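In what follows, a single structure is set out as structure tokens and then discussed.
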Amino acid sequence: LKPHKICRSLAYDNDHQRFPIPDNRVLWNTIFPDYTPYEYTTEKIQRNPRADPADPLKIEKFNQLDKKIDRRSFTGQYYVDPKTNRPRNPNGRTGMTGRGRLYYWGPNHAGDPVVTRWLRDENGSIVYRRNNARDSLKPVLEFVAILRQDRKQWALPGGMVDPGEHISETVKREFQEEALRDGVDKTCIDQLFSNGVKLFESYVDDPRNTDNAWIETVAVNFHDETGQLTKQLHLNAGDDAEKVVWRSIDRNLELYACHKDILEIVVDRFNAYW
Ligand code: RP5
Ligand code: MG
Ligand code: MG
């Protein structure tokens with residue numbers, strides 16, 4: 001695990017400040033006697049019947065599949081405080097306790113669809129680029145990106161796994177909600193989403209993470225080799241997406257959370273330009 005950084009940046013929902021943590025005090029096994037994190041769970045989460053109860057002592061199945069809620073972590077067994085029954089963020093301190101805006105104590109599972117095709121010129125030929133004269137020319141990939149309403153950052157059109165939902169359903173549903181606003185050619189989308197390749201499953205350095213609640217994601221790649229399938233897609237931003245576009249992939253992208261790391265994996269998969 002890379003040490004998290006984004007979920008230590010101070011402001012949470014503008015007026016809630018995390019306790020500042022120096023880089024060498026992030027891990028739980030470093031001593032930090034002055035550490036007094038800010039406790040925060042939004043009112044909305046506290047009132048939401050689909051979110052976890054306010055008191056984690058009511059939850060018996062951390063680190064297990066709890067009916068329809070998967071409380072297991074990709075990082076392995078996480079620590080749960082025996083007194084409070086609060087799970088502890090496996091990646092270290094965040095300066096905030098409680099759940100912030102997250103539904104569940106412990107891991108909150110998400111899915112990220114990485115829909116790709118080759119970047120083509122007006123004639124339909126694949127575009128090749130190189131970073132410098134010594135590199136070989138490599139084909140350029142593009143992916144479907146959304147502009148997140150909450151942070152005004154470009155991102156993958158991902159979302160949280162619904163209770164009981166399989167990840168393959170999550171990525172397809174979220175893509176339709178955020179990138180197609182549900183109005184689509186169904187056969188085209190079914191075909192595109194019929195063979196996904198898992199790229200990554202991991203803890204995410206998401207700005208909403210706290211010491212007791214965090215996001216983990218599975219990123220799945222759906223690649224349209226000929227570009228014929230995605231030609232028929234009418235991108236249309238919906239739900240928490242403000243815009244949706246095809247964006248070419250390279251090392252200069254600046255994306256939400258760990259989404260750039262995910263794209264680097266897809267670039268490796270196709271030996272594409274970066
Ligand atoms: C990120 O938050 C995940 O990688 C996923 O893209 C997203 C899920 O949250 P919402 O889009 O539902 O807010 O950490
Ligand atoms: Mg969504
Ligand atoms: Mg989303």
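Looking only at segment 208-260, count how many residues are buried (at least 21 other Cβ atoms within 10 Å of the Cβ), hydroxyl-bearing (S, T, Y) and either more than 16 Å from ligand 3 (Cβ to nearest atom) or under 23 Å from S194 (Cβ atoms) (or both).
The qualifying residues number 2.
Mind checking which residues of segment 1-20 are among the hydrophobic types (A, V, I, L, M, F, W, C), touching a residue at least 24 places away in the same chain (Cβ under 8 Å), closer than 22 Å to R151 by Cα and not in a helix (DSSP H, G or I)?
L10, F19
Where residues in segment 94-130 are more than 23 Å from L255 (Cα to Cα) and among the charged types (D, E, K, R), which of them is surrounded by the most Cβ atoms within 10 Å (Cβ to Cβ)?
Out of the qualifying residues, it is R99.
Inside segment 156-175, can you point out the residues that are more than 10 Å from ligand 2 (Cβ to nearest atom), surrounded by fewer than 21 Cβ atoms within 10 Å (Cβ to Cβ) and either within 13 Å of the chain's Cα centre (by Cα) or of a type in the set (S, T, N, Q) (or both)?
I167, S168
Between residues in segment 104-129 that are free of Cβ contacts under 8 Å to residues at least 12 places away in the same chain and under 28 Å from H166 (Cα atoms) and residues that are of a type outside the set (D, E) and crowded, with 22+ Cβ neighbours inside 10 Å, which pairs lie under 9 Å by C-beta distance while being six or more apart or on different chains?
Between residues of segment 104-129 that are free of Cβ contacts under 8 Å to residues at least 12 places away in the same chain and under 28 Å from H166 (Cα atoms) and residues that are of a type outside the set (D, E) and crowded, with 22+ Cβ neighbours inside 10 Å, there is no close pair.
In segment 40-53, what count of residues is obtained for those that are surrounded by 14 or more Cβ atoms within 10 Å (Cβ to Cβ) and either out of contact with any Phe, Trp or Tyr (no Cβ under 9 Å at 6 or more places or on another chain) or assigned to a loop (DSSP other than H, G, I, E, B) (or both)?
Matching residues across segment 40-53 total 4.
Pick out the one residue from R181, R173 that is assigned to a loop (DSSP other than H, G, I, E, B), within 16 Å of ligand 3 (Cβ to nearest atom) and either touching a Gly at 6+ places or on another chain (Cβ under 8 Å) or modelled with pLDDT of 95 or more (or both). Full working, then the answer.
Values: R173 fails: assigned to a loop (DSSP other than H, G, I, E, B).
Just a single option satisfies the conditions, and that option is R181.
Residue-by-condition table, conditions (1) more than 22 Å from the chain's Cα centre (by Cα); (2) farther than 18 Å from D162 by Cβ:
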residue	(1), (2)
K58	yes, yes
K67	yes, no
R71	no, no
Q77	no, yes
T84	yes, yes
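Picking from F193, F143, F200, which residue would you name as being within 16 Å of ligand 3 (Cβ to nearest atom) and in contact with a helix residue (DSSP H, G or I) (Cβ under 8 Å, 6 or more places away or on another chain)?
Result of the check over F193, F143, F200: F143.
What are the residue pairs meeting all of these: first residue in segment 138-152, first residue touching a residue at least 60 places away in the same chain (Cβ under 8 Å) and among the aliphatic types (A, V, I, L, M), second residue assigned to a strand (DSSP E or B) and within 11 Å of ligand 3 (Cβ to nearest atom), Cβ atoms under 6 Å, and 6 or more apart or on different chains?
Final answer for the pair search is I146/A155; I146/A241.
Tell me yes or no: at least one residue of segment 122-143 is out of contact with any strand residue (DSSP E or B) (no Cβ under 7 Å at 6 or more places or on another chain), farther than 29 Å from Q64 by Cβ, assigned to a helix (DSSP H, G or I) and not small (G, A, S). Break it down stepwise before answering.
Restricting attention to segment 122-143, the residues satisfying the condition of being out of contact with any strand residue (DSSP E or B) (no Cβ under 7 Å at 6 or more places or on another chain) are 122-125, 131-136.
Pick out the ones that are also farther than 29 Å from Q64 by Cβ and you get 122-125, 131-136.
Filter once more, keeping what is assigned to a helix (DSSP H, G or I): none.
No, because not a single residue in segment 122-143 is out of contact with any strand residue (DSSP E or B) (no Cβ under 7 Å at 6 or more places or on another chain), farther than 29 Å from Q64 by Cβ, assigned to a helix (DSSP H, G or I) and not small (G, A, S).
The values are calculated or read from the model by the stated rules, or taken from the named source; none is laboratory data. These numbers were taken from a predicted model, which means no experiment stands behind them. Backbone-built Cβ (ideal geometry, glycine too); neighbour counts: all protein chains shown.
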